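S.K.: Could you have a look at this structure, given as structure tokens, before my questions?
The values are calculated or read from the model by the stated rules, or taken from the named source; none is laboratory data. Keep in mind the model is a prediction, meaning the values are calculated, not measured. Positions of Cβ are backbone-derived with ideal geometry, glycine not excepted, and every protein chain shown enters the neighbour counts. Surface accessibility is based on the protein's heavy atoms, side chains included, excluding ligands, DNA and RNA. Shrake-Rupley method; radii C 1.70, N 1.55, O 1.52, S 1.80 Å.
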Amino acid sequence: MTADIDKTAGPESTPPGGPEAIKAIPVRHYGRYVSAVVAIALFAAIVYAFAQGKINWGAVPDYFFDDRILKGVGQTMLLTVLSMLIGIVGGILLAVMRLSRNPVTSSIAWFYIWFFRGTPVLVQLVVWFNLGLVFEYINLGPVYKDEWSSFMTPLLTALLGLGLNEAAYMAEICRAGLLSVDEGQTEASHALGMSHGKTLRRIVIPQAMRVIVPPTGNEVINMLKTTSLVSVVQFAELFRYAQDIGQSSGAPVEMYFLAAAWYLVLTSVLSVGQYYVERYYARGSSRALPATPFQRIRANVLSLSSRKGGGATA
């Protein structure tokens, strides 16, 4: 038996005004509210404790742009840049030696990395500063000859101590970046007739930079703060100048806060630069680059303005 069905008629359960909108009720996260209140309360208590302490906060802005402090900032930046330059060049060289199939060069690189990563940088600085006990003179033949104490200036001691120590860490970072690229890509480029140098320049290094850049940025920031140790080798930088001003002005603790504020400013600037370098080398791994802070602010402003415009016309 068959029954006639009127297909033009709609379903009986469908209301004439269409389906009702789903009323979504957000889940309450009471634990988040409590933890946020506790965190804010702790932060307020810490701020109140420092505000009530016996600290002359007015001395910080008085000396914030002092000529000696600004000179120390310049010395700190100079030392950071030069030390990282030594560290990056030395790290690349050590990484290539470490990956070499020659057991001698690979062993030398391994020993260097093992020694410099296994000893504190403060100890290395002191050893470089007192190396005149081992070498009384430096003799380069007709080119240069002088006493070791005259040759090893505080700046050179700081550069060698920081740069050579950093090279050990950069070697491992560069080695990890080079090993992250699949060997099949190198073999494919060689099969296409590309030379070894061109393969490194066009294939391996651009991909390895995505792995190398983020930890290198962290190393730069870490180096900036580590420069405060070079005061032990009589090199004057930001922390040393802040100490001297604190002793002469009778406000040593206040000058420590001043130095901390300057380190925060410098690391913030370096972090912004690191963000844009990482964004540049992320072009090949993601289809859409992450928005810059300016682009996010602009997108939020445009969305707010569009909402206001839509609300006015509604």
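S.K.: Against the definition (open to solvent by 70 Å² or more (accessible area, probe 1.4 Å), in a helix (DSSP H, G or I) and touching an Asp or Glu at 6+ places or on another chain (Cβ under 8 Å)), how does residue 32 come out, yes or no?
M.R.: Details: open to solvent by 70 Å² or more (accessible area, probe 1.4 Å): yes; in a helix (DSSP H, G or I): yes; touching an Asp or Glu at 6+ places or on another chain (Cβ under 8 Å): no.
So residue 32 does not fit the description; no.
S.K.: Further question on the same structure: Among the listed residues 181, 143, 123, which satisfies the condition of being out of contact with any Ser or Thr (no Cβ under 7 Å at 6 or more places or on another chain), modelled with pLDDT of 90 or more and either on the phi > 0 side of the Ramachandran plot or of a type outside the set (Lys, Arg) (or both)?
M.R.: 123
S.K.: Counting only residues that are crowded, with 17+ Cβ neighbours inside 10 Å and polar (S, T, N, Q), which one in the range 229-263 is modelled with the highest pLDDT?
M.R.: Residue satisfying both the conditions and the ranking: 243.
S.K.: If I filter the range 121-155 down to residues being in a loop (DSSP other than H, G, I, E, B) and of a type outside the set (A, V, I, L, M, F, W, C), which single residue comes out as least open to solvent (accessible area, probe 1.4 Å)?
M.R.: Among them, the one singled out is 141.
S.K.: Restricting attention to the range 59-78, which residues are open to solvent by less than 90 Å² (accessible area, probe 1.4 Å), part of a helix (DSSP H, G or I) and under 17 Å from residue 265 (Cα atoms)?
M.R.: Matches in the range 59-78: 60, 61, 63, 69, 70, 72, 73, 74, 75, 76, 77, 78.
S.K.: If you don't mind, there's one more thing I want to ask. Among the residues of the range 188-207, write down those that are open to solvent by 60 Å² or more (accessible area, probe 1.4 Å), assigned to a helix (DSSP H, G or I) and more than 21 Å from residue 281 (Cα to Cα).
M.R.: 190, 191, 196
S.K.: What single numbered condition from (1) under 25 Å from residue 87 (Cβ atoms); (2) open to solvent by 60 Å² or more (accessible area, probe 1.4 Å) fails to hold for residue 183?
M.R.: Among (1) under 25 Å from residue 87 (Cβ atoms); (2) open to solvent by 60 Å² or more (accessible area, probe 1.4 Å), the lone unmet condition for residue 183 is (1).
S.K.: When you look at residue 56, is it closer than 19 Å to residue 157 by Cβ, open to solvent by 60 Å² or more (accessible area, probe 1.4 Å) and not hydroxyl-bearing (Ser, Thr, Tyr), yes or no?
M.R.: No; evaluated as a whole, the condition is false for this residue.
S.K.: (1) closer than 30 Å to residue 213 by Cα; (2) surrounded by fewer than 16 Cβ atoms within 10 Å (Cβ to Cβ); (3) modelled with pLDDT under 90; (4) not hydroxyl-bearing (Ser, Thr, Tyr): which one isn't true of residue 111, the others all being true?
M.R.: That leaves (3) as the condition not met.
S.K.: For the range 156-176, check the following and say yes or no: at least one residue is surrounded by fewer than 14 Cβ atoms within 10 Å (Cβ to Cβ) and among the small types (Gly, Ala, Ser).
M.R.: The answer is no; no qualifying residue exists.
S.K.: Given the structure, is residue 226 in contact with a helix residue (DSSP H, G or I) (Cβ under 6 Å, 6 or more places away or on another chain) and of a type in the set (S, T, N, Q)?
M.R.: Spelling it out, it is not the case that residue 226 is in contact with a helix residue (DSSP H, G or I) (Cβ under 6 Å, 6 or more places away or on another chain) and of a type in the set (S, T, N, Q).
S.K.: Can you find even one residue in the range 111-130 that is under 27 Å from residue 170 (Cβ atoms), touching a residue at least 40 places away in the same chain (Cβ under 8 Å) and touching a Phe, Trp or Tyr at 6+ places or on another chain (Cβ under 6 Å)?
M.R.: No, because not a single residue in the range 111-130 is under 27 Å from residue 170 (Cβ atoms), touching a residue at least 40 places away in the same chain (Cβ under 8 Å) and touching a Phe, Trp or Tyr at 6+ places or on another chain (Cβ under 6 Å).
S.K.: Identify the residue in the range 79-108 that is touching a Ser or Thr at 6+ places or on another chain (Cβ under 8 Å) and either part of a helix (DSSP H, G or I) or touching a residue at least 40 places away in the same chain (Cβ under 8 Å) (or both) and, among all such residues, is farthest from residue 231 (Cα to Cα).
M.R.: So the residue we want is 99.
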